[in-house]
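To keep things clear, I will list the structure first and then write my remarks on it.
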Amino acid sequence: MKSKAGEGNFFEDFRVGQRFRHATPKTLQAGDISVYGALYGSRFALNQSEEFARSLGYAAAPAEDLLVFHMVFGKTVADISLNAIANLGLAECHFLQPVFVGDTLTAETEVIGLKEQSSGKSGIVYVRSKGVNQRGETVLDYIRWVMVRMRKQDSPQGTASIPRLEEEVSGERLAEGSPAINVQAWDWAASGSMQRHEDYEIGERIDHVDGTTVEEAEHMMAARLYHNTARVHFNELNERSGRYGRRIVYGGHVMSIARALSFNGMANAFHIAAINSGRHVAPVFAGATIFAWSLITDKRRLRGREDVGALRVITRATRDLPTQDFPTKAAGEHDPGVVLEMDYWVLIPI
Amino acid sequence: MKSKAGEGNFFEDFRVGQRFRHATPKTLQAGDISVYGALYGSRFALNQSEEFARSLGYAAAPAEDLLVFHMVFGKTVADISLNAIANLGLAECHFLQPVFVGDTLTAETEVIGLKEQSSGKSGIVYVRSKGVNQRGETVLDYIRWVMVRMRKQDSPQGTASIPRLEEEVSGERLAEGSPAINVQAWDWAASGSMQRHEDYEIGERIDHVDGTTVEEAEHMMAARLYHNTARVHFNELNERSGRYGRRIVYGGHVMSIARALSFNGMANAFHIAAINSGRHVAPVFAGATIFAWSLITDKRRLRGREDVGALRVITRATRDLPTQDFPTKAAGEHDPGVVLEMDYWVLIPI
Amino acid sequence: MKSKAGEGNFFEDFRVGQRFRHATPKTLQAGDISVYGALYGSRFALNQSEEFARSLGYAAAPAEDLLVFHMVFGKTVADISLNAIANLGLAECHFLQPVFVGDTLTAETEVIGLKEQSSGKSGIVYVRSKGVNQRGETVLDYIRWVMVRMRKQDSPQGTASIPRLEEEVSGERLAEGSPAINVQAWDWAASGSMQRHEDYEIGERIDHVDGTTVEEAEHMMAARLYHNTARVHFNELNERSGRYGRRIVYGGHVMSIARALSFNGMANAFHIAAINSGRHVAPVFAGATIFAWSLITDKRRLRGREDVGALRVITRATRDLPTQDFPTKAAGEHDPGVVLEMDYWVLIPI
């Protein structure tokens, strides 16, 4: 009798055009905001204060953008990446609707590309996933690609269908997830900084100063909150004999730490509009202290918007390496301390 | 002057027929759902999604059954088992009403049996406890028995009054805690599995595959959430010189881990209707990786119910022992890896 | 280009009369109550049960007083004590309004005194801070003083302006934060004790019996929940080469542990009306087991109040030292095990 538990999908199980509607839909609870707050300590006023949010014209304080991302991403794991060897990339990630407490999110995925590896042991699966709320509105979509084990190794079929990816999110979509806000009501003392769009320059580097040490209990609680079931995060017994000898921290946990740290220097960057790319360039383990710094790589006004503008930012997170010297890759190699490179657009008052 | 802090009850303090109304009533908060979610990662759609719950006819997403159990159990500890040597058993546990965010639960207990141990150092206390909501409705009741220290050792009084316990919960009560549901609306993609009552066979064994490692912070946060004040869970200084040399994980924490893991293979078993027995056959300590597997031991249709049927399940949890070989007790002995045997009824769509 | 991240204020940056409105306002979420509950396990019925709270005349269950304190205190850290060497004292702390889920708190501070240290390396900053809700009502105010580094050492300016502090909170203000309650409705079984104002005697000592071991994940989650950004709590890499070689637990975390433990013996002390002083006399690190005991130092009836009276209490918390012998300072020295001395007023039914 075949076990009902499922073993996840292997490379051979995927077809271009295949669609998944993932388990389990989740209603965002007021408590999810609090657990997220306790795990990251994020201090962006829009997400922390109902009063601040309403003064700008929001119906309520929206959930942090990355919490929404993790909730959608987490649901896709059981179908897409349970047999993954590595998460290779993230692109064209748009935040399209604010998500509020009480909204119920479902995740859906379409396979958009497949590429067998020459090793004959694995292949790359390209997917476009989206999160949908209870009204059927897409709140988030993104492309990711992941290297997935083959069930039967050494049975090459020559599969190769690689989608074309945008290097950056198109300008038109940047403002979609952010309603026009009443920027005159922006409370600069409450938000923690006087800096606005015009105060940032292309090429500017910002050390986010603080560091935070990751605990096993924290990254596991985070991943569970997101319904992320990737085994490497939870199963110490198994990982002890695995690649790194121990549990690996969910990469998104590091993204959220970096975002929370970025309050130091980017306090008014109230909304992540889009992620152009996100790469986990080295694994993180409990006990590491995470730091982050950001490079402003572009600035843009948004058509028809006099309230907010966009900044393109590359935030790099490090482990056990303070960031006052802005560490990055050198000579084609990443600094061993750099663990995350996230290239994204934030909105900030003009 | 006698200290006001109380020392808990000893065996001599109990009388058959004695009743307790326990401190502290607790209103179930939206955040309790989230903390529970972060601690266990349970993915049953009924509890996670307000939309899914309402589609079936529930007024809202009910709390996980075991969260309710722990909240009631926890309140009884200070009066019943503060001086316990061991939790010996659990029986006749019925989940009688869904519990929703906003409900306030109170716990009550009646002593139903007492049995002095021949050692003269302790005795077994049998109690029936129940959880009551703010409308006076019993949401849960159960019998447990626990070995409790005597205050004055070696003063035997020959107390023996052992209640008769049912080996299994009677069929009539199985459906009580579950309103008739609109099973036509069941969203099988959302729930994560196509398997229904007819797909399970008596004798079937299901490996729940995943393992999750327990952290001290997690089991203590769980026990505190439940108002469980048993000292062995919290006081490392004291336990260092105790029986095991370290803190012991609350047994109910393992029950909830096992339930969450059982989603792999029993995703549509949306409700625990009753627990016939629960035995913690070995202690669990932080650092252990918990696995679980289940044996289907009975199937039953419920009188007048065309929506759901019942499965009787024995779920065994292990520590540091994967469960693909379905470990159980051998030759009267438990496998050293088996830590929990829970015999219970779940409801699942027909 | 000056970094936007800010480096916090140094002693030279403060002026008497200077005012701060701190980032980030925070709406109290239902989940904050749950996370707080999971971190401390507090069992005071007023805060745990909506039913209990409403029976007394409260509109809803108010947040724990110390949760409110921490939320206000935490916001002041980035402006006041980011460059602090030590938190020296707390005084004249009044709890003036119950705070409910949905209330949004903002923190404000006025500098009321400055005193350069003879070392020329630091100075003491005295501040009065307050928490304000969304209706502009002050819910909490307090004075604290903190030793802050100088930016440029050895540049003495002879600054000295020391405010006059009250040794205890004035009686008139003790009842301000507690509406008159319907004490006839007080449910003594629910609250966990029959003891009322008349049952406590001046000079009485109460061992709170239980001990709870602190984990890194817990104290960091707590501090993040409070928006407390003091680096010593989070950055293991940095603290490894710091004063103690490791992260230091936020002192307020110990206050909340002590308050939760004090339920054993003071279960009906439902409200902290004021804190006369709070001193963290030794640091606490993860792994320590915290115990607490209390000394009743005064009793007072409150003018015009027939429902509740006040008890003045000194609660001492220890690390790795059980408190049945009521450890305190001896010969001018603190017992090495004593970590906290908190002198405060609680309200309790008459």
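The values are calculated or read from the model by the stated rules, or taken from the named source; none is laboratory data. Since this is a predicted model, take the numbers as computed values, not measurements. Cβ sites come from the backbone with ideal geometry, for glycine too, and all protein chains shown count toward neighbours. Protein only, heavy atoms only, side chains kept; ligands, DNA and RNA dropped before computing areas. Shrake-Rupley method; radii C 1.70, N 1.55, O 1.52, S 1.80 Å.
Quick notes on this one:
- Residue B:177, sole failed condition from (1) away from chain A (no Cβ under 14 Å); (2) touching a helix residue (DSSP H, G or I) at 6+ places or on another chain (Cβ under 9 Å); (3) small (Gly, Ala, Ser); (4) farther than 29 Å from residue B:17 by Cβ: (4)
- Apart from one condition, residue B:102 fits all of (1) within 14 Å of chain A (Cβ to nearest Cβ); (2) open to solvent by less than 10 Å² (accessible area, probe 1.4 Å); the exception is (2).
- In summary, helices (runs of 4 or more DSSP H) completely within region C:17-81 and bearing 1 or more residues that are within 14 Å of chain A (Cβ to nearest Cβ) occur at C:30-40, C:65-80.
- Residue within region B:69-77 that is modelled with pLDDT of 95 or more, farther than 20 Å from residue B:123 by Cα, of a type in the set (Lys, Arg) and open to solvent by less than 10 Å² (accessible area, probe 1.4 Å) present: yes
- Boolean, residue A:88 is under 19 Å from residue B:192 (Cα atoms) and away from chain C (no Cβ under 14 Å): no
- Residues that are over 18 Å from the mean Cα position of the chain (by Cα), buried (at least 24 other Cβ atoms within 10 Å of the Cβ) and outside any helix (DSSP H, G or I) within region B:214-241 comprise just one, B:234.
- Close Cβ contacts (under 9 Å, 6 or more residues apart or on different chains) running from residues in region B:2-15 that are within 13 Å of residue B:150 (Cα to Cα) to residues that are in a helix (DSSP H, G or I) and of a type outside the set (A, V, I, L, M) comprise B:8/B:79; B:9/B:79.
- When the residues of region B:4-16 are filtered to those that are among the charged types (D, E, K, R), assigned to a loop (DSSP other than H, G, I, E, B) and over 17 Å from residue C:191 (Cβ atoms), the one that is nearest to the other protein chains (Cβ to nearest Cβ) is B:7.
- When residue C:184 is tested against (1) touching a helix residue (DSSP H, G or I) at 6+ places or on another chain (Cβ under 8 Å); (2) of a type outside the set (Ser, Thr, Tyr); (3) more than 8 Å from chain B (Cβ to nearest Cβ), exactly one condition is not met: (1).
- Looking across region C:198-213, just one residue is more than 7 Å from every other protein chain (Cβ to nearest Cβ) and surrounded by 21 or more Cβ atoms within 10 Å (Cβ to Cβ), and that is C:200.
- Number of positions in region C:210-241 that are touching a residue at least 40 places away in the same chain (Cβ under 8 Å) and of a type outside the set (A, V, I, L, M): 13
- When region A:9-43 is filtered for residues that are on the phi > 0 side of the Ramachandran plot and out of contact with any Lys or Arg (no Cβ under 9 Å at 6 or more places or on another chain), only A:17 remains.
- Residue B:111 out of contact with any Ser or Thr (no Cβ under 9 Å at 6 or more places or on another chain) and part of a strand (DSSP E or B): yes
- Within region C:155-170, not a single residue is surrounded by 14 or more Cβ atoms within 10 Å (Cβ to Cβ), aliphatic (A, V, I, L, M), within 14 Å of chain B (Cβ to nearest Cβ) and at negative phi.
- Residues that are assigned to a loop (DSSP other than H, G, I, E, B), aliphatic (A, V, I, L, M), at pLDDT 95 or above and closer than 25 Å to residue A:91 by Cα within region A:173-212 comprise just one, A:202.
- When region C:117-150 is filtered for residues that are in contact (Cβ under 8 Å) with a residue 24 or more places away in the chain and on the phi > 0 side of the Ramachandran plot, only C:120 remains.
- Odd one out for residue C:282, checked against (1) more than 9 Å from chain B (Cβ to nearest Cβ); (2) buried (at least 24 other Cβ atoms within 10 Å of the Cβ): (2)
- Scanning region C:82-90 finds no residues that are in contact (Cβ under 8 Å) with a residue 60 or more places away in the chain, hydrophobic (A, V, I, L, M, F, W, C) and open to solvent by less than 10 Å² (accessible area, probe 1.4 Å).
- Residue in region C:303-312 that is β-branched (Val, Ile, Thr), buried (at least 22 other Cβ atoms within 10 Å of the Cβ) and assigned to a helix (DSSP H, G or I) present: no
- Residues that are among the small types (Gly, Ala, Ser) and out of contact with any Phe, Trp or Tyr (no Cβ under 7 Å at 6 or more places or on another chain) within region C:193-228 comprise C:193, C:203, C:217, listed in sequence order.
- Given (1) more than 16 Å from the chain's Cα centre (by Cα); (2) within 20 Å of residue B:3 (Cα to Cα), index of the condition residue C:315 fails: (1)
- Scanning region B:280-299 for residues that are modelled with pLDDT of 95 or more and touching a helix residue (DSSP H, G or I) at 6+ places or on another chain (Cβ under 6 Å) yields B:284, B:286, B:289, B:290, B:292.
- Within the set A:258, A:282, A:292, the sole residue that is assigned to a loop (DSSP other than H, G, I, E, B) and in contact with a strand residue (DSSP E or B) (Cβ under 7 Å, 6 or more places away or on another chain) turns out to be A:282.
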